[in-house]
Amino acid sequence: MPAVLRVALPVPLLTLFDYLPPAAGEACAGCRVLVPFGRGRQVGVVVAVEAETAVSGSRLKQVIRLLDETPLLDAELMQTLAWAADYWLGAPGEAYANALPLALREAKPPPALGDEYWSLSSAGHSAHDAGSRRGGSKTLLALLAAGSMSAQDLTERLPGWRETARRLAAAGLLERSERSPPDRQLPASLAPQLNDEQQLAVSTVGASLGQYQPFLLDGVTGSGKTEVYLALIEQVLAQGKQALLLVPEIGLAPQTVRRLRERLGVIVEVLHSNLSEGDRARAWLRARNGSARVILGTRSAVFTPLPQAGLIIVDEEHDSAYKQQEGFRYHARDLALVRARALGVPVLLGSGTPSLESLANAEAGRYRTLHLRARPGTIRPPQVQIIDMRAQRLEHGMSPALLTAIAETVARGEQALVFRNRRGYAPVLLCHSCGWHAECPRCDRPLTLHAGRRQLICHHCDYQTRMPVTCPTCGATELKPQGQGTERLEEALISQFPQVPVLRVDRETTRRRDAFEQLLATLKDDQPAILVGTQMLAKGHDLPNLTLVAIVGVDEGLHSVDFRAGERLAQLVVQVAGRAGRARKPGRVLLQTHQPEHALLRTLLAHGYAAAARELLAERRQIQLPPYSYQVLLRADAPMREHMDAFLTDAHAALPVSDQLQIAGPMPAPMPLRAGRQRGQLLLEAGSRHTLHAMLRSWQLALTVLPSARRVRWSLDVDPIDLY
Ligand code: ADP
Ligand code: ZN
Ligand code: ZN
């Protein structure tokens with residue numbers, strides 16, 4: 001009876017694939033294998049070794065080559081991945097593909113574990129001496145003239161160096177080498193004396209090391225959460241264990257890495273999407289062999305192997321960046337909890353604005369809550385004040401009170417932040433004569449005017465067109481931008497405050513990854529300045545001279561059809577407001593709205609996030625929405641509306657009959673047309689997770705064989721975080 005290997009392949013099919021074992025070597029679960037698949041080859045992961053197969057033995061193909069002598073994925077990770085694929089309804093192979101760095105999904109042996117170093121060749125030294133290069137090349141040559149440097153150091157010192165290095169290496173001026181990582185301790189800097197609340201948090205979590213226990217660390221930005229993380233990581237290191245720290249995408253600044261490394265005195269392995277594939281694979285492998293003690297990473301780092309796990313931390317746990325929104329739709333925070341349980345370690349979720357899910361878990365006693373209320377080193381929390389915009393003369397969307405506050409702030413030599421969560425110049429371009437407005441032909445939504453680029457851009461599908469000079473309908477020349485985006489606010493602020501530097505921070509001005517940090521770095525701490533920008537401004541490094549935060553227009557968030565909009569808005573307002581008064585100077589926050597009586601805003605401003613969250617939770621409980629019910633969203637889109645409708649109707653009919661299941665739809669998506677495709681959905685809801693999940697897999701399998709499924713694109717989203 002031949003043994004059979006059950007292999008997960010990176011294809012969007014819901015099955016594992018059976019193969020005969022390779023001619024040489026012994027494949028076991030967790031090893032990678034190269035197999036024939038269709039007309040090509042694929043790298044897969046052996047999930048199980050079975051004695052028998054359902055496919056008749058003669059039709060089975062043989063594994064071409066075994067890629068790992070010992071399992072690359074350990075038993076815990078294999079089990080967690082199988083669980084994750086099942087829970088989020090992923091194809092098994094997609095879960096494994098998400099867990100493995102790209103370089104390890106190729107049919108090559110794992111890369112050597114040395115650190116990457118760069119140095120000048122003799123031609124490079126001559127070029128440096130001759131001063132024959134300019135710009136980035138010159139800077140890089142100068143950096144390396146003093147001696148070789150590691151890739152990690154280069155990334156910290158010279159963002160974007162890799163492109164330059166590649167060019168200079170091709171010209172024979174640079175050389176790349178690999179060295180084994182130093183195992184000596186780096187000098188560690190001193191921790192501040194923790195305050196009482198921090199000490200309590202550290203001792204409480206510290207007492208749970210070695211066992212599974214979730215904690216919610218509730219403290220606003222600047223309350224000292226990172227110091228708590230650092231103290232706990234020190235304890236974990238002292239026990240010879242590993243710590244994993246997850247951060248949402250935007251928070252991962254080089255500063256964070258440096259702060260960790262300087263304090264802990266060990267190498268911090270970084271895992272995020274902007275690393276070179278080689279670096280990513282090396283960091284992953286060092287975690288796997290236990291030599292990486294502290295791992296800092298974004299969403300996908302939740303899959304890092306942790307053979308000596310001691311602690312998992314999820315910073316800014318409420319951040320939606322933890323949910324992957326395409327392909328394999330997992331949630332890294334939720335997976336962190338699953339892993340912590342499997343590994344028998346505590347998991348610490350930190351946030352100043354915890355998600356309602358986590359608050360509900362804390363309320364139900366599943367998580368233990370730790371509070372950090374005092375802000376170390378600050379005088380008092382910022383004062384928040386509402387500006388009623390009704391019946392006010394607005395200057396490009398800004399009220400006189402708001403402009404006065406900015407003027408006073410910069411006159412004192414301090415900095416102001418003007419927050420508006422919309423890029424571009426204006427969200428609508430309107431013809432004053434006939435009422436025509438510019439609309440995306442593929443989405444039926446208004447195009448955003450980007451005046452600097454003289455373009456109209458669709459923020460939903462990226463459709464772009466030149467800004468018209470005259471109205472395409474009536475020929476009038478009076479085309480008026482309606483509403484404000486960051487670009488327009490920037491223009492208005494520059495004309496109002498010509499003496500003060502105005503810095504715009506949004507996706508347009510910060511295309512390059514490090515541009516944001518670099519932009520902020522140009523701000524002198526003690527000089528007046530005005531920052532204007534989007535959500536990106538909610539985070540980033542400390543601006544001690546920032547004392548005014550002006551929030552312009554949050555009213556869209558109060559009208560949204562998404563039931564999570566209130567929660568998001570409250571989180572955003574608190575996060576942005578938290579930027580004011582971080583140092584010794586007291587801060588002030590102004591919130592401009594047409595709805596000063598709105599219940600959520602009033603609670604938020606009068607009693608803070610915790611009170612607002614309590615009200616939102618009570619509402620959710622009353623109308624049985626998550627976290628008090630469980631949802632799965634079937635999305636479908638197609639160029640033709642009939643095809644989409646037919647599929648969703650069939651999908652509806654394929655559902656089991658159950659009075660435990662509430663079904664909404666088939667119905668058009670909140671955005672029924674996007675990028676030229678008709679979109680619809682079917683929402684399932686149940687009071688128990690178990691009821692819902694019990695029927696999902698068989699339903700999913702039924703959907704894959706529906707004839708109407710062939711004419712649509714469809715996906716299932718378990719615990720969706722938005723309904724679009
Ligand atoms: P968070 O992670 O909650 O945003 P941090 O841990 O980064 O907060 O702390 C904010 C600032 O306060 C940092 O500059 C940090 O060094 C400082 N800080 C934190 N705790 C203390 C303390 N106990 N004593 C003095 N300074 C502290
Ligand atoms: Zn017109
Ligand atoms: Zn569009």
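The values are calculated or read from the model by the stated rules, or taken from the named source; none is laboratory data. Keep in mind it's a predicted model, so treat the numbers as computed, not measured. We place every Cβ from the backbone using ideal geometry, glycine too, and count neighbours over all the protein chains shown. When the accessible area is computed, the model is the full protein with side chains, heavy atoms only, and any ligands, DNA or RNA have been set aside. Shrake-Rupley method; radii C 1.70, N 1.55, O 1.52, S 1.80 Å.
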> If you roll a 1.4 Å probe over the chain with all protein chains in place, what percent of the accessible area is carbon or sulfur?
Replying inline: 51 percent
> What is the local net charge at F647, summed over the other residues whose Cβ is closer than 15 Å to its Cβ (Lys, Arg +1; Asp, Glu -1)?
Replying inline: +3
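Keeping every protein chain present and rolling a 1.4 Å probe, give me the accessible area per residue for region 245-391 in Å².
That works out to 34 Å² per residue.
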> Picking from I721, L682, A709, whose Cα lies most toward the positive end of the charge dipole for region 593-724 (charges on Cβ: Lys, Arg +1; Asp, Glu -1)?
Replying inline: A709
> Rg and Dmax of region 243-356, using alpha carbons, in Å: what are they?
Replying inline: 13.3, 38
>> Counting heavy atoms of the protein chains only and a 1.4 Å probe, report the per residue accessible area for region 53-137 as a whole number of Å².
In response: 47 Å²
> Is the chain rounded, prolate or oblate when judged by the Cα gyration tensor, a ≥ b ≥ c being the square roots of its eigenvalues, rounded requiring a/c under 1.5 and prolate requiring a/b larger than b/c?
Replying inline: rounded
> Any idea which of T70, T473, I663 is furthest toward the positive side of the dipole for the chain, if Lys and Arg beta-carbons carry +1 and Asp and Glu beta-carbons -1?
Replying inline: T473
> So, counting K/R as plus one and D/E as minus one, what does the shell of residues with Cβ under 14 Å around L682 add up to?
Replying inline: -3
> When DSSP assigns beta bridges and you keep just the ones with both residues in the chain, what percent turn out antiparallel, to the nearest 5?
Replying inline: 55 percent
> Tally Lys/Arg at +1 and Asp/Glu at -1 over every other residue whose Cβ is under 11 Å from the Cβ of E50; what's the total?
Replying inline: -1
> Where the only charges are on Cβ atoms (+1 Lys, Arg; -1 Asp, Glu), what is the dipole of region 584-647 about its Cα centre, to the nearest 20 debye?
Replying inline: 620 debye
> Packing-wise, with mean Cβ within 10 Å as the measure, how do 555-562, 476-483 rank, highest first?
Replying inline: 476-483, 555-562
> Taking the Cα centre of region 378-443 as the origin, how large is its charge dipole in debye, to the nearest 20, when only Lys and Arg (+1) and Asp and Glu (-1) carry charge on their Cβ atoms?
Replying inline: 180 debye
> Rounded if a/c is under 1.5, else prolate if a/b beats b/c, else oblate: with a ≥ b ≥ c from the C-alpha gyration tensor eigenvalues square-rooted, which is region 120-239?
Replying inline: prolate
> How big is the charge dipole of the chain about its Cα centre, in debye rounded to the nearest 20, if each Lys and Arg gets +1 on its Cβ and each Asp and Glu gets -1 on its Cβ?
Replying inline: 1140 debye
> Per-residue ellipticity at 222 nm for the chain, helices alone: DSSP H runs ≥ 4 residues times -39500 (n - 2.57), over residue total, nearest 500 deg cm²/dmol?
Replying inline: -9500 deg cm²/dmol
> Got a sec? Charge dipole of the chain, +1 on Cβ for Lys and Arg, -1 for Asp and Glu; which of A550, M149, V294 is way out at the positive end?
Replying inline: M149
>> For the chain, what does the relative contact order come out to in percent, with C-alpha contacts under 8 Å and a separation of six or more?
In response: 10 percent
